[in-house]
């Protein structure tokens, strides 16, 4: 068994300060030199993910990426996975949710439970995304994300290099933390990077099909995420933990029933 490579808080703080003013390419190269092949790009079909993949592939063509296939993804996202394979030769590794947990949730609360209650939406995200993410990250030492500080209030303080306290103290790399929306798209155009066709249809943030829509001119870029919710965080729990009154009870009930089915 390969021993996990971890960094402590002091090391990461020093690295975060060292790389704060450096280019994304420098951050990505450092991480690949330090952790490959035990480091993943978290890929969900967003423009930022494609920028990171393109930069990383130029540094190391053997770079690894993974996606969480929730079963509710847009077809355009699946098409982009194939384009990535054709252009880069990169096979994005797919992680699916637990079948029994999905069945139990859908049978109990319906296929589109997310529209009825914020707690149900959080439950759906937990089963379809958060739990598969835990499996994906359980045997690696670091991961890249496309998070940027300007995306949402909960992301304003992210650093380019962090410790992921939710996933075994592995290293979390946010090389585009200080990039703007314009920076991302300038890179895509200048480097002929393939991108999700949903952006040409008015989407500015891409997730599951039932939970993302095009935005109107002047709307916040994340307004297309869970647009029916009022005063709820525009997060699914992958990057920022979500707390809600009824969610834990519902989750416990679902998991108890799923466990009973296994016995």
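Read-outs throughout are calculated quantities, based only on the coordinates presented, and are distinct from any laboratory measurement. This is a predicted model, so every value here is computed, not measured. Cβ sites come from the backbone with ideal geometry, for glycine too, and all protein chains shown count toward neighbours.
Quick one: in segment 76-101, of everything that is part of a loop (DSSP other than H, G, I, E, B) and closer than 14 Å to residue 53 by Cβ, which residue is farthest from the chain's Cα centre (by Cα)? Steps first, please.
To start, the set of residues in segment 76-101 that are part of a loop (DSSP other than H, G, I, E, B) comprises 89-92, 96-98.
Now drop any that are not closer than 14 Å to residue 53 by Cβ, which leaves 89-92.
Details: 89: 21, 90: 18, 91: 17, 92: 13 Å.
Result: 89.
For residue 170, state whether it is out of contact with any helix residue (DSSP H, G or I) (no Cβ under 6 Å at 6 or more places or on another chain), surrounded by 16 or more Cβ atoms within 10 Å (Cβ to Cβ) and under 27 Å from residue 30 (Cα atoms). Working first, answer last.
On the way: out of contact with any helix residue (DSSP H, G or I) (no Cβ under 6 Å at 6 or more places or on another chain): yes; surrounded by 16 or more Cβ atoms within 10 Å (Cβ to Cβ): yes; under 27 Å from residue 30 (Cα atoms): yes.
Answer is yes for this residue.
Anything in segment 99-139 that is more than 20 Å from residue 211 (Cα to Cα) and in contact with a helix residue (DSSP H, G or I) (Cβ under 8 Å, 6 or more places away or on another chain)? List them, or say none.
Within segment 99-139, 100, 104 meet the criteria.
So, residue 108, is that one assigned to a helix (DSSP H, G or I), over 15 Å from the mean Cα position of the chain (by Cα), surrounded by fewer than 19 Cβ atoms within 10 Å (Cβ to Cβ) and free of Cβ contacts under 8 Å to residues at least 60 places away in the same chain or not?
So residue 108 fails the test.
With respect to residue 76, determine if the residue is surrounded by fewer than 20 Cβ atoms within 10 Å (Cβ to Cβ) and touching a residue at least 60 places away in the same chain (Cβ under 8 Å).
Criteria met by residue 76.
Which of the residues that make up segment 9-21 are free of Cβ contacts under 8 Å to residues at least 60 places away in the same chain and either in a loop (DSSP other than H, G, I, E, B) or closer than 21 Å to residue 55 by Cβ (or both)?
Of everything in segment 9-21, those that are free of Cβ contacts under 8 Å to residues at least 60 places away in the same chain and either in a loop (DSSP other than H, G, I, E, B) or closer than 21 Å to residue 55 by Cβ (or both) turn out to be 18, 21.
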